[in-house]
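Q: Before anything else, here's the structure in question.
The values are calculated or read from the model by the stated rules, or taken from the named source; none is laboratory data. Because the structure is predicted, anything quoted here is derived from the model rather than measured. Please note: Cβ atoms are built from the backbone with ideal geometry, for glycine as well, and neighbour counts cover all protein chains shown.
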Amino acid sequence: MKRIGFIITVSFFLGVSSGRCAAEISTEKTIPIPRWQFDNEGGLYCELPSPDHYDAVRHVELVTHGRRVIMRIYFPVDDGKATLVHGPQVQWPIFKSDVRDKDMEIPHTETRSTDLPVIRINDKPYELGRRTSYRYNGFFQVVYDSHQGIKATRTLFPSIEGRLALQEWRLENTEAEPVTVQVPSTCETLWKRTGADGQNWLIDYIITPVTRQRLLPGETAAFAVAYAAYPESEVLLPIDLHAEKQAYLDLIHYADKHLVLQTPDRLLNRAFHFAKIRTLLSNIETKAGILNTTGSMAYYCGFWANDNAEYASPFIPLLGHTDLLNGVDTMYRVWLNDIQQYTLKDKQITGSFESYNLFPYQRGRGDEAMILYGLSHYLLALGDRQRAEEMWPLVERCADYLRANCNESGVIASRTDELEGRLPTGNANLSTSALGYGGLDKAARLAGALGKSTLAQEYRQFAESLETSIETYFGRTVEGYDTYSYYEGNDLLRGWISLPLVVGIDRRKEQTLDALFSTKLWLEKPETDEVNLKAVSTETETRWGRETYYALLAAYKAGRTELATEKLSTVLRSHILGPRGPFADEDAIDLLAPTILFGRVVTEGLFGIEPWNFNGFCCSPRLPKSWPWMKLNQVSMLGKFLDMEVSRSGDDIQLTVREREKLLYSQRGPVGTAFKVIVSSSGK
């Protein structure tokens, strides 16, 4: 079906260094009408027009979960006339005996085919009206047209603590006269299954009743539809819809008040807010307790060195949410316990633990470098000496592994990278060595903060040596750009060439950025709302949102603020407002990746926040020229909640940091200044 769009002409200047030709390019782009738009409260809505202007194959799909249940919400984006109404797919961690086990999933061929309740209006069967829109404001809602005098709204969300996948149905009287509403109580056991804990469990389909309620014009009646899992030996407690919804609202309210981004860009502000909500939902139940997970229908109930250590650990401390921090600590304690089971010489560190029972799974992907990078950043940002001392053996184990596995050229040998063999990586890849450098740099600062001066010096020297080796081993001209060859013999541009810039290696920054945002790697098709970085220059179908956000983070860190801001805006319009919105998600199955990398584009890229030691942090703001100011309030750093404001002061920028109303820091300097902010005189 035809997409509605309009034509605009965009002219921009591409500044290219090292002798490459700079040219002014004028091009026409067809920009489609966004599928998602903002409402007056900052939520998103997607209208379902008639006739249908969208490709009906496209759909809305998102994953969300509480600590003991996970839901995939799937709705077709069409004109709303289809009679089939999709319910959520539901899984529970307690049944996940193997990461690829999908047997325990609702709906299933053995269970009911629909979750639609039986509703009677004025003693007559009620049929839903046409779907008119989808809405997202932290909750996902489906809105139906008025039919038989009743407008229905369906809100889907997981229980935060319980094993409940919930829907709140609200029925509003749109007539001028009173109507009666009746919904019979239902409790139907669908399945009995054995959980990973060895217990027998029941799975029920439940409807809480509406007992012949009289609605005046404009009044509403509400009831719950739920899937519940509970031990056969226990009695299922009554569902308290109000309390369950309030618990979810409390999480959204936390996001409202912590790590609050304020800029002139409304889309950026709200997208960041939604990313925080997703992050706050990323704890889940396992045998080891509640811990931080990647959050996926396929791979949930486990954690990975890339998703949870490398990506998430640098961001999560800034939210300051106690339960979320406890989930990260529990995750790292699993790693700490695991490394006691084998020596450095025996095997590589476990790269992932999967399923409810947390079976060790991946190895040999450069996981030691990922963990070292993420964990060291996490501990520096928290500034908690006791926590850092507890976790130190894991830091040291990862650093020792990197030292023991340098090849003859001085870079880190690795079987593969996080793409796990999907693309060639040789015997040593740029990702592992770059993250190793970044991890050693942070570990040196952490060691210094803990008084381990000898190790701090050793790690610093190792990092300097590794940086030199990265330049010698990987530094090459690839497809006309003076950048990096991803592995020895590689002659194609790869998306992960952003990583040296992300970790602070800027020897080849200009040409690397030119390569990342060239047509060889940067895939931008506004006519289809498709924007992403390609994993390799020759394969248009191989693209990953995580590489896209790392490229944007690299651009900000390297000082290309205007380029990064322009591209970030384009990406968000595609990923948040486009056909696959409302999240910065690759395939609608992951909760954290790449959403949390987008969050770091803001905190580490735009604001340049980098924890330095247990007393202070570095801040290198990149304020776009068209913005007079930007703020990031209630940032949790070193055990305090800080308000940060960056403003323009003539040709300079001004950084002001407050704790509550108390002024902690206020300095101005040229664009590119790295401000050193002292928070306390001594670490905790």
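Q: Looking at (1) surrounded by fewer than 23 Cβ atoms within 10 Å (Cβ to Cβ); (2) modelled with pLDDT under 95, can you tell me which one Gly302 breaks?
A: Unmet condition: (1).
Q: Another one. Can you report the number of residues in region 311-332 which are touching an Asp or Glu at 6+ places or on another chain (Cβ under 8 Å) and in a helix (DSSP H, G or I)?
A: Just the residues of region 311-332 that are touching an Asp or Glu at 6+ places or on another chain (Cβ under 8 Å), to begin with: 314.
Narrowing the set further to residues that are in a helix (DSSP H, G or I) leaves none.
Of the residues in region 311-332, 0 are touching an Asp or Glu at 6+ places or on another chain (Cβ under 8 Å) and in a helix (DSSP H, G or I).
Q: Quickly run through region 115-153 and pick out the residues that are at pLDDT below 95, in contact with a strand residue (DSSP E or B) (Cβ under 8 Å, 6 or more places away or on another chain), part of a strand (DSSP E or B) and surrounded by fewer than 17 Cβ atoms within 10 Å (Cβ to Cβ).
A: Scanning region 115-153 gives no hits.
Q: If you go through region 379-426 one residue at a time, how many are of a type in the set (Val, Ile, Thr) and part of a loop (DSSP other than H, G, I, E, B)? So that I can check it myself, show each step before the final result.
A: The first filter runs over region 379-426 and keeps only residues of a type in the set (Val, Ile, Thr), leaving 395, 411-412, 416, 425.
Going one step further and asking which of them are part of a loop (DSSP other than H, G, I, E, B), we end up with 411, 416, 425.
Count: 3.
Q: If I ask for residues that are buried (at least 24 other Cβ atoms within 10 Å of the Cβ) and within 18 Å of the chain's Cα centre (by Cα), which ones from region 546-569 would you list?
A: Selection gives Arg546, Glu547, Thr548, Tyr549, Tyr550, Ala551, Leu552, Leu553, Ala554, Leu568.
Q: Check Lys287 against each of (1) surrounded by fewer than 24 Cβ atoms within 10 Å (Cβ to Cβ); (2) closer than 15 Å to Leu572 by Cα and name the one condition it does not meet.
A: Every condition holds for Lys287 apart from (2).
Q: Here's a follow-up. Thr656 - would you say it is outside the structural domain of Val602 (by TED's automatic domain parsing), of a type in the set (Val, Ile, Thr) and part of a strand (DSSP E or B)? Steps first, answer last, please.
A: Working: outside the structural domain of Val602 (by TED's automatic domain parsing): yes; of a type in the set (Val, Ile, Thr): yes; part of a strand (DSSP E or B): yes.
Criteria met by Thr656.
Q: Regarding Phe140, is this residue touching a residue at least 60 places away in the same chain (Cβ under 8 Å), in contact with a helix residue (DSSP H, G or I) (Cβ under 6 Å, 6 or more places away or on another chain) and closer than 30 Å to Lys276 by Cβ? Spell out how you get there, then give the answer.
A: On the way: touching a residue at least 60 places away in the same chain (Cβ under 8 Å): yes; in contact with a helix residue (DSSP H, G or I) (Cβ under 6 Å, 6 or more places away or on another chain): no; closer than 30 Å to Lys276 by Cβ: yes.
So Phe140 fails the test.
Q: Okay, moving on. In region 221-239, what count of residues is obtained for those that are without any contact (Cβ under 8 Å) to a residue 60 or more places away in the chain and surrounded by 15 or more Cβ atoms within 10 Å (Cβ to Cβ)? Break it down stepwise before answering.
A: From region 221-239, those without any contact (Cβ under 8 Å) to a residue 60 or more places away in the chain are 221-222, 224, 231-238; that's our starting set.
With the extra rule that they be surrounded by 15 or more Cβ atoms within 10 Å (Cβ to Cβ), the set shrinks to 221-222, 224, 231, 236.
The number of residues fulfilling the criteria is 5.
Q: Looking at region 168-211, which of the residues that are out of contact with any strand residue (DSSP E or B) (no Cβ under 8 Å at 6 or more places or on another chain) and closer than 27 Å to Val235 by Cβ is surrounded by the fewest Cβ atoms within 10 Å (Cβ to Cβ)?
A: Per the stated criteria, the residue is Gly198.
Q: Consider Arg445 against the criteria (1) within 16 Å of Arg363 (Cα to Cα); (2) surrounded by 17 or more Cβ atoms within 10 Å (Cβ to Cβ); (3) within 29 Å of the chain's Cα centre (by Cα): it satisfies all of them except one. Which criterion is unmet?
A: Arg445 satisfies every listed condition except (1).
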